[in-house]
Amino acid sequence: MIEFNKDSLTNLETSQSREWLETNSLGGFSSSTIIGLNTRRYHGLLTAATKPPVGRIVMLSKLEEALVIDGQRYELSANQYPGAVHPQGFKLQTGFRLDPFPVFTYEVSGLRLEKSVFMVQGENSTVVQYELEGVLPDAAHVRLEIRPLIAFRDYHSTTHVNAALNANVDTEKGVTTVKPYNDLPALHFAHDVCEIDTNGFWYRNFQYAVERERGLDFVEDLFSPFALTFDLNHKPEARIIASTERRDIAAVGRYREIEKERRQKAATTIKLPAANDLVGTLSAAAEQFIAARKDGKTLIAGYHWFSDWGRDTMIALPGITLVTGRTEIAKSILLEFAGHVDQGMLPNRFPDAGETPEYNTVDATLWFFEAIRALLQKTNDYDFVRENFYPVLVDIIDWHVKGTRYKIHMDEDGLLSSGEPGVQLTWMDAKVGDWVVTPRHGKPVEIQALWYNALRIMEQLAGKLKDTKARKNYAGMARRARQSFNELFWNKATGCLYDVVNGVERDASIRPNQVFAISLTNSMVSLAKAKSILRVVECELLTPRGLRTLSPNDWRYVGKYEGDPHSRDGAYHQGTVWPWPMGAYITAYVKTFGKRAGRKVAAAWLENFAGHLNEACLGQVSEIFDGDAPHTPRGCVAQAWSVAELLRAAVEDVYVVK
């Protein structure tokens, strides 16, 4: 259980940097800070996924809350306005904890009010509960007033005062409904309230500090359509369900028990020889990324602003689904993406508005092979792979040999070449206008590692499925690729691998991409070279939060990821630390230096992340960190492949679950 006391809550620097996240398995979410002060345009109590897992709309931004005791009003909310935080309900807040979902506690005049927030799985529904504890003074009159603030806008945008809003409120017993815009869904509030005030008005000039820091629109107006008043003398609790569906408030107790049971199961799905809080927390975190796509499943790449991406999904799939025992979900995800393979390429992104998928990556398709290998290792279900994937995989290899989009093709040396001017195809894909920040055209090192791995997987799969001719062909292609790789990529001067080979050009940038040439199941690197590579990476790139994307000794290194979009994109892969390659580094280290010595060192590296689980999004792992100490968390507050790769490495390489 992660928790904070009053001292932390009243320290605004601390409390505004700690965030919580609730998800609903549709791509929707609920999120804010531990004092309920929204610092992002993405914060809100109900962000609904209207076209799961996308079409996300911030419907309910927050609730303004006040406890009224004998006419004395105590405001519990907190908002940032120009030059001031108002009200300052955090001064009455005595605690926050994840137990297992967000729980806020306030103390007023000897009374203790506890508020909890959670989402209902499979619905765009958020439940907010309040419980009053303590002995009421004689004849005291205690009321809880709640005023919803609605946004009703795309989650990348902000709302401002406008005449188009329909302020009408539809009220009947137990449900109050608003539909401010005709082209957006209605929002229903189920409640057990005693009074409703349907006078509505705008709250103006909310400011979101994180958006201001990121150089983005940070000012918003929110509309309050009505107020609810609960008589806590009559019943010392108040309950609200905010939903796109009409719900009965009587279902709250059942929803709560189902959710608590689900959370407990998610945190204990991995059985280790001894209790491990890190693995348990990561296992619970993993489930938050699983979402629906049509009749199947997919993985959200990161919260708050990413949807499902091909590259991220394939990399994260083993850690999110396979090591946690969710093999049927893994199969569903792979089937969904396999159905969108086109010209031998896996889609890299499904746009939010549901347009045609984007095919602009060279590595997502190759990670697809590794995800299927991991599935077979876990399930041994060759029949499933033969029926659903083998023809697709054969077609993918054929396209890569003859050539597909963006000049992706097998070169004469058996290695994979790719790239066109102005297009970024690897995971280091930052681009600002016409400025390609990390140009990696030609033969990037990890692409060759993935290509060789894919060929060996196909060799093994063809052999298992009695496709003898194909097996020999893939084996020959793999041998050719291995020989060329070792001739072209070894940099004697640095004792590691070149990052990119492009004709006669050799990019000697020291980056983490070379680690995959060791970590993947089928490796082209000798033991001696692997040891040398890992020592260089440890010296130049390793931090307590993952691997830097560029050595600090490189003149292009940027140590802090901050400023406007241009500055941030310029730093994204030029020194910024990423946790997800840490999984590959751990795998490579244990594989190279032996299980006994390797696991001991890797366990210490993993434990470095324990402190991070309560410094940003609670119980989650951030997308990136500054390259320079103290390695401040940046980017998405919860990233699928960050969680997945740390969890996979912990289970498969360090603590070892068979």
Report D for the range 148-188 in µm² per second (integer): Stokes-Einstein, Kirkwood Rh on Cα pairs, 10 °C, 1.306 mPa s. 139
Which of the aspartates and glutamates could a cross-linker bridge to K464, judged by Cα under 17 Å and excluding same-chain residues fewer than eight apart? E370, D381, D383, E387
In sequence order, calculated HN-Hα J values of the range 602-618 (Karplus, 6.51, -1.76, 1.60; Hz; x Gly/Pro): 5, 4, 5, 4, 4, 5, 4, 7, 4, x, 5, 5, 10, 10, 9, 8, 4
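Kindly give the semi-axes, whole Å and largest first, of the ellipsoid equivalent to the range 392-538, taking each as the square root of 5 times a Cα gyration tensor eigenvalue.
With the √(5λ) rule applied to the range 392-538, the semi-axes are 26, 21, 12 Å.
Set the bar at 24 Å for Cα to Cα. Now go through K265/K378; K91/K115; K402/K492; K402/K531 and name every pair that lies beyond it.
On the way: K265/K378 20 Å; K91/K115 16 Å; K402/K492 33 Å; K402/K531 35 Å.
Check vs 24 Å cut-off fails for K402/K492; K402/K531.
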Any residue on another chain or 5+ positions along whose placed amide H is under 5 Å from the amide H of A638 is listed here as Y303, H304, E623
Projected area, mean over directions - the range 403-449, Cα convex hull, nm²: 3.3
More than 47 Å apart: what percent of Cα pairs in the chain qualify? 20
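Okay, helix-only estimate at 222 nm for the chain: each DSSP H run of n ≥ 4 adds -39500 (n - 2.57), divide by all residues, round to 500 deg cm²/dmol; what do you get? Walk me through the numbers on the way to the answer.
Values: 18 runs with 200 residues, N = 658.
-9000 deg cm²/dmol, from helical runs alone.
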Considering every Cα-Cα pair within the range 103-201, what fraction, in whole percent, is farther apart than 20 Å? 54
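Remind me, what semi-axes does the range 249-354 give for its equivalent ellipsoid, largest first in whole Å, using sqrt of 5 times each Cα gyration tensor eigenvalue? Can you show the working numbers first?
Values: eigenvalues 151, 69, 29 Å².
With the √(5λ) rule applied to the range 249-354, the semi-axes are 27, 19, 12 Å.
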For K297, the aspartates and glutamates lying under 17 Å Cα to Cα, once residues fewer than eight places off in the same chain are dropped, come out as E123, E287, D308, D312, E328, E336, D352
Taking only protein heavy atoms into account and a 1.4 Å probe, give the accessible area per residue of the chain in Å². 37
Bin by bin, in steps of 5 Å, what percent of the Cα pairs in the range 198-255 do you find, going until the bin that has the longest distance? 4, 13, 13, 14, 15, 14, 14, 9, 3, 0
A convex hull over the alpha carbons of the range 1-132 yields, per residue, a volume in Å³ of 113
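Of all accessible surface on the chain at a 1.4 Å probe, what whole percent is carbon and sulfur?
Values: 11780 of 24590 Å².
Carbon-and-sulfur percentage of accessible area, whole number: 48.
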Partner aspartates and glutamates for K529 [C-alpha distance under 19 Å; skip if fewer than 8 residues away on the same chain]: E446, E487, D499, D507, E538, E540
Where the centroid of each part is defined by its Cα atoms, how far is the range 108-141 from the range 465-497 in Å? 62
In a Debye calculation with equal point scatterers on the alpha-carbon sites of the range 1-71 and no solvent, what is log10 I(q)/I(0) at q = 0.22, 0.27 Å⁻¹? -0.95, -1.14
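Treat the range 534-622 as a sphere of radius equal to its Kirkwood radius over Cα pairs and apply Stokes-Einstein at 37 °C in a medium of 0.692 mPa s; give the translational diffusion coefficient in µm²/s, rounded to a whole number.
On the way: Rh = 14.2 Å.
Answer from the Stokes-Einstein relation: 232 µm²/s.
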Under a 5 Å amide H to amide H cut-off, with H placed in plane at 1.01 Å, what residues pair with N233 once short-range neighbours are removed? V142
Could you list the square roots of 5 times each eigenvalue of the Cα gyration tensor of the range 308-363, that is, the equivalent ellipsoid semi-axes, sorted largest first and rounded to whole Å? 21, 11, 11
Cα extents of the range 414-481 along the three principal axes, largest first (Å): 50, 19, 15
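Please give the per residue volume of the convex hull enclosing the alpha carbon atoms of the range 316-463, rounded to a whole number of Å³. Write down the numbers at each step before the final one.
Details: hull volume 18.1 nm³, N = 148.
With only Cα atoms used, the range 316-463 gives 122 Å³ per residue.
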C-alpha long axis of helix 640-649 to longest principal axis of the chain, angle in °: 60
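What fraction of the Cα pairs in the range 113-153, stated in percent, has a spacing above 16 angstrom?
Details: 485 of 820 pairs.
When every Cα pair of the range 113-153 is considered, 59 percent fall beyond 16 Å.
The values are calculated or read from the model by the stated rules, or taken from the named source; none is laboratory data. The structure presented is a predicted model; accordingly, all values stated were derived computationally and were not measured. Heavy atoms of the whole protein, side chains included, go into the accessibility calculation; ligands, DNA and RNA do not. Shrake-Rupley method; radii C 1.70, N 1.55, O 1.52, S 1.80 Å.
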